[in-house]
Amino acid sequence: MRSIAIIGAGIIGLSSAIALLDRGFTVTVFDADPDGRAASWGNAGHIAVEQVEPLASPAALKSVPRRLFSMGGALALPLSMAARWLPFATRLVAASTPARFAAGTSALTPLVAAAMPAWQDLVRTIGDEGLLRRDGHLVLWESAATAAAGRAKWARTDIGTARIEDADDALLRRLGGITRSVGGAIRFTGSGQIADLDRLAVALKAALVARGGRIVSAAATLAPDGDDIRLVGHDADLVLVTAGVRSRALLEPLGYRVPMIAERGYHIRAPIHASLNVGADRWPADMPPLVFEDRSMIVTRYADTVQAASFVELGDPDAPADPRKWQRLEKHIADLGLPIAGPYSRWMGSRPTLPDYLPAIGRSSTSANLFYAFGHQHLGLTLAPITAQIVAALVTETAPPVPISAFSLSRFATKGSSQ
Ligand SMILES: Cc1cc2nc3c(=O)[nH]c(=O)nc-3n(C[C@H](O)[C@H](O)[C@H](O)COP(=O)(O)OP(=O)(O)OC[C@H]3O[C@@H](n4cnc5c(N)ncnc54)[C@H](O)[C@@H]3O)c2cc1C
């Protein structure tokens, strides 16, 4: 039986571990996140099948000034972290030409289209189909003017397999019971959410252990071993890197170019006590994720919390969090009159983002025993099960379920570098 060591027990690593165990591999997963602070366990829970256009786009670049945090927006470019985001920004601009945007959309479209079926397979495989809710999501605007502009923007956006309906009167009345300012709303169908991220983590780990897999609580490092790569202190035939934003630090010492940045996001959560009438008790249990587009904020109901998330802060994953972002989220909730109250728990985590907003999924071209799957930016939860299917195909040398050549790390190689 062949063995594989996986670095990183986030959503990409755990999904891949289960796919590989089911194909007969001996799997050991290494992880250095005992408190579950990784992006996989603090995200917005949205299965975002509508997001087939990469964020490296001419339109996104044009909108930078009005999206800045200092202008009330959700994009933060802290001066203290300029050494990180300036080189990234240069590459992002180069990746945002109309031609590269079109190529990125073509690459993402089949991947994102396969996301929901892959999620259905995964929740069935791990025996918890209730984890996946397929009720779409809602987008709201606060004024008739922003609603008109927002609807027009979505009408010219490629949304893949998702569909849009205008909110009917009954839905508008329901939303009016949640927020005092509804200038307009649309409902997406085809998208969905994960019912609870904590339950997802528990279910994936239990499924892994039930299949004979192991999770080792330790930070892993890699070293060259002839033409191969080995995980220091552990014998395995193959190595898979799924270390999220840390994949760069693991691979660059080995000669790989990984121009990844931490896109830091923030959330606050209020507890549901079911009857004490505090926290978020009055948030409807069946409400799908609500995107308040004028504020770039998404509010998600989980099992016993309601979470508000926002912000794209480019920089260093290890720099201290900026408390103003949590305060801004609290202000959004108060301004909108949402039925949520503190005390809030606060979280900051890093999306692993490459400058063309495409993931890196593939097999090293120089070390045949090394595989990688990271850089899923805003879509890591959405794309985890389909990524796991691709990893399993690469490792077993069978045809991947969707085209993957655009996701090779070799797209960042420069003359003379390895890969
Ligand atoms: C605010 C916010 C909202 C988001 N909302 C959504 C959403 O609604 N839908 C969606 O699809 N995506 C969303 N995302 C993106 C998504 O969360 C990420 O793309 C995804 O979690 C990345 O998963 P990952 O497994 O690659 O990385 P991570 O979750 O970062 O996991 C990597 C793991 O590797 C471990 N690790 C790192 N280095 C080592 C090492 N040397 N040795 C051992 N272990 C190591 C870490 O401890 C960590 O546990 C959101 C992200 C944020 C921040």
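Go through the residues of the stretch 335-358 one by one and say whether even a single one is within 15 Å of the ligand (Cβ to nearest atom) and in contact with a Leu (Cβ under 7 Å, 6 or more places away or on another chain).
So far as the stretch 335-358 goes, yes, one or more of its residues are within 15 Å of the ligand (Cβ to nearest atom) and in contact with a Leu (Cβ under 7 Å, 6 or more places away or on another chain).
Within the stretch 271-315, how many residues turn out to be of a type in the set (Gly, Ala, Ser), farther than 15 Å from residue 343 by Cβ and surrounded by 21 or more Cβ atoms within 10 Å (Cβ to Cβ)?
3
Determine whether the stretch 116-127 contains at least one residue that is in a loop (DSSP other than H, G, I, E, B), touching a Gly at 6+ places or on another chain (Cβ under 8 Å), of a type in the set (Gly, Ala, Ser) and at pLDDT 95 or above.
no
Of (1) surrounded by 23 or more Cβ atoms within 10 Å (Cβ to Cβ); (2) on the phi > 0 side of the Ramachandran plot, residue 226 satisfies all except one. Which?
Condition (1) is where residue 226 drops out.
With respect to residue 251, is the statement that it is of a type in the set (A, V, I, L, M, F, W, C) and at pLDDT 95 or above true?
yes
I'd like the full set of residues that are closer than 28 Å to residue 79 by Cβ and among the charged types (D, E, K, R), limited to the stretch 319-369.
Once the filter is applied, which keeps residues that are closer than 28 Å to residue 79 by Cβ and among the charged types (D, E, K, R), the stretch 319-369 yields 322, 324, 325, 328, 330, 331, 335, 346, 351, 356.
In the stretch 235-259, what count of residues is obtained for those that are more than 11 Å from the ligand (Cβ to nearest atom) and at negative phi?
Within the stretch 235-259, residues that are more than 11 Å from the ligand (Cβ to nearest atom) and at negative phi number 13.
Mind checking which pairs have a first residue in the stretch 353-379 that is at negative phi and among the small types (Gly, Ala, Ser) and a second that is part of a loop (DSSP other than H, G, I, E, B) and buried (at least 24 other Cβ atoms within 10 Å of the Cβ), Cβ under 7 Å, 6 or more apart or different chains?
360/354; 360/375; 373/242
Among the residues of the stretch 25-39, write down those that are in contact (Cβ under 8 Å) with a residue 40 or more places away in the chain, over 13 Å from residue 348 (Cα atoms) and not aliphatic (A, V, I, L, M).
25, 26, 28, 30, 31, 34
Grab the helices (runs of 4 or more DSSP H) fully contained in the stretch 1-92, keeping just those with 3 or more residues being near the ligand (Cβ under 8 Å from one of its atoms).
Once the helices (runs of 4 or more DSSP H) in the stretch 1-92 are filtered for at least 3 residues that are near the ligand (Cβ under 8 Å from one of its atoms), what remains is 11-21.
Mind listing whichever residues of the stretch 257-276 are more than 15 Å from residue 380 (Cβ to Cβ) and among the β-branched types (Val, Ile, Thr)?
258, 268, 272
Based on this model, can you work out whether residue 20 counts as buried (at least 23 other Cβ atoms within 10 Å of the Cβ) and either closer than 27 Å to residue 388 by Cβ or at pLDDT 95 or above (or both)?
Yes.
Just wondering, is there one or more residues in the stretch 105-127 that are of a type outside the set (A, V, I, L, M, F, W, C), touching a Ser or Thr at 6+ places or on another chain (Cβ under 7 Å) and either more than 30 Å from residue 329 (Cβ to Cβ) or touching a residue at least 40 places away in the same chain (Cβ under 8 Å) (or both)?
Within the stretch 105-127 (the criterion being of a type outside the set (A, V, I, L, M, F, W, C), touching a Ser or Thr at 6+ places or on another chain (Cβ under 7 Å) and either more than 30 Å from residue 329 (Cβ to Cβ) or touching a residue at least 40 places away in the same chain (Cβ under 8 Å) (or both)), the answer is no, since none of the residues qualifies.
A quick yes/no check of all residues on (1) of a type outside the set (Ser, Thr, Tyr); (2) under 20 Å from residue 37 (Cα atoms); (3) within 11 Å of the ligand (Cβ to nearest atom); (4) over 23 Å from the mean Cα position of the chain (by Cα):
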| site | (1), (2), (3), (4) |
| --- | --- |
| 267 | yes, yes, yes, no |
| 284 | yes, no, no, yes |
| 290 | yes, no, no, no |
| 295 | yes, no, no, no |
| 312 | yes, yes, yes, no |
| 315 | yes, yes, no, no |
| 318 | yes, yes, no, no |
| 329 | yes, yes, yes, no |
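Show the residue pairs meeting these rules: Cβ distance below 7 Å; 6+ apart or different chains; first residue within the stretch 402-415 and at pLDDT 95 or above; second residue crowded, with 18+ Cβ neighbours inside 10 Å and hydroxyl-bearing (Ser, Thr, Tyr).
So the pair list comes out as 409/256; 409/372.
Quickly run through the stretch 137-191 and pick out the residues that are part of a loop (DSSP other than H, G, I, E, B), in contact with a strand residue (DSSP E or B) (Cβ under 8 Å, 6 or more places away or on another chain) and not polar (S, T, N, Q).
142, 159, 162, 167, 178, 182, 183, 190
Any idea which of 201, 262, 220 is touching a helix residue (DSSP H, G or I) at 6+ places or on another chain (Cβ under 9 Å), within 19 Å of residue 42 (Cα to Cα), outside any strand (DSSP E or B) and within 16 Å of the ligand (Cβ to nearest atom)?
201
Out of all the residues in the stretch 38-56, which are more than 14 Å from the chain's Cα centre (by Cα) and surrounded by fewer than 22 Cβ atoms within 10 Å (Cβ to Cβ)?
53
Give just the number: which of (1) closer than 22 Å to residue 184 by Cα; (2) outside any helix (DSSP H, G or I); (3) among the acidic types (Asp, Glu) does residue 313 not satisfy?
Going through (1) closer than 22 Å to residue 184 by Cα; (2) outside any helix (DSSP H, G or I); (3) among the acidic types (Asp, Glu) one by one, residue 313 breaks only (1).
The values are calculated or read from the model by the stated rules, or taken from the named source; none is laboratory data. This structure is a prediction, so every number in the text was calculated from the model and none was measured. Glycine also receives a Cβ, built like all others from the backbone with ideal geometry; neighbour counts cover every protein chain displayed.
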